[in-house]
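Okay, so here's the structure we're looking at.
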Amino acid sequence: MDRRKNGSKHHLAVDAAGTPLAGTLTGANRHDVTQLIPLVDAIPPVRGKPGNPLRKPGEVMGDRRYHAEKRRLTLSGRGIPTAIARRGDPHGSGFGILRYVVEQTIALLHQFRRLRTRFDKRADIHETFLTIGCALICWRRLHRLTR
């Protein structure tokens, strides 16, 4: 791993339809598995239904780069089941089909030039544009559903 790698990574948590729920920004030299728990914590409670709002996801799915037994145990201790591919297991488990939803949302996010190529030196400004991009994707999906 090159620790001096320039750039940044966008980490997204999406629902089954690909609607962004939470997004975080890290440096390109950070490993993906370190952002699993903060990303799950960043998911806001689901409101709109009577009773207490849902505060945890039904299941966390991820590919091999999010596999770490410590993180898996942390999530199971919170009562969140995981479907994360393990390193060393043979390919063909079917997680690629599920991962496509996340990759499609990241591709939609990177259609915004300001997020695809980072020009901002300050992380808070870039993270604000990440939030605006996620909001625009949500708005476009809602607008398409109400037609």
#### Entry: Number of the exception - Ala107 against (1) at pLDDT 80 or above; (2) over 14 Å from Thr24 (Cα atoms); (3) surrounded by 14 or more Cβ atoms within 10 Å (Cβ to Cβ)
(3)
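Let's see how each residue does on (1) assigned to a loop (DSSP other than H, G, I, E, B); (2) touching an Asp or Glu at 6+ places or on another chain (Cβ under 7 Å); (3) without any contact (Cβ under 8 Å) to a residue 12 or more places away in the chain; (4) not polar (S, T, N, Q):
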{"position": "Leu12", "(1), (2), (3), (4)": "no, no, no, yes"}
{"position": "Ala22", "(1), (2), (3), (4)": "no, no, no, yes"}
{"position": "Thr26", "(1), (2), (3), (4)": "no, no, no, no"}
{"position": "Arg30", "(1), (2), (3), (4)": "yes, no, no, yes"}
{"position": "Thr34", "(1), (2), (3), (4)": "no, no, yes, no"}
{"position": "Ile37", "(1), (2), (3), (4)": "no, no, no, yes"}
{"position": "Pro57", "(1), (2), (3), (4)": "yes, no, no, yes"}
### Message
For the range 47-55, check the following and say yes or no: at least one residue is outside any helix (DSSP H, G or I), over 20 Å from Cys134 (Cα atoms), in contact (Cβ under 8 Å) with a residue 12 or more places away in the chain and hydrophobic (A, V, I, L, M, F, W, C).
### Response
no
### Query
Just wondering, is there one or more residues in the range 1-9 that are in contact with a helix residue (DSSP H, G or I) (Cβ under 8 Å, 6 or more places away or on another chain), surrounded by 12 or more Cβ atoms within 10 Å (Cβ to Cβ) and either free of Cβ contacts under 8 Å to residues at least 40 places away in the same chain or of a type in the set (A, V, I, L, M) (or both)?
yes
### Message
Quick check on the range 24-46. Is at least one of its residues over 30 Å from Lys121 (Cα atoms), surrounded by fewer than 17 Cβ atoms within 10 Å (Cβ to Cβ), among the charged types (D, E, K, R) and at pLDDT 80 or above?
### Response
no
### Query
Going through the range 111-138 one residue at a time, which ones are assigned to a loop (DSSP other than H, G, I, E, B) and free of Cβ contacts under 8 Å to residues at least 12 places away in the same chain?
Gln111, Thr117, Phe119, Asp120, Lys121, Arg122
#### Entry: Filter result (β-branched (Val, Ile, Thr) and within 16 Å of His31 (Cα to Cα)) within the range 59-75
none
### Task
Examine the range 80-89 for a residue that is closer than 17 Å to Lys9 by Cβ and without any contact (Cβ under 8 Å) to a residue 40 or more places away in the chain, and state whether such a residue exists.
no
### Message
If Gly96 satisfies all but one of (1) surrounded by 12 or more Cβ atoms within 10 Å (Cβ to Cβ); (2) under 15 Å from Ala13 (Cα atoms); (3) at pLDDT below 85; (4) over 12 Å from the mean Cα position of the chain (by Cα), what's the number of the condition it fails?
### Response
(2)
### Query
Considering Gly62, Gly48, Gly79, Gly133, which residue is under 17 Å from Leu21 (Cβ atoms) and more than 15 Å from the chain's Cα centre (by Cα)?
Gly48
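The values are calculated or read from the model by the stated rules, or taken from the named source; none is laboratory data. The shown structure was predicted, so the numbers you read here are calculated from the model rather than taken from an experiment. Note that we place each Cβ from the backbone using ideal geometry, even for glycine, and neighbour counts take in every protein chain shown.
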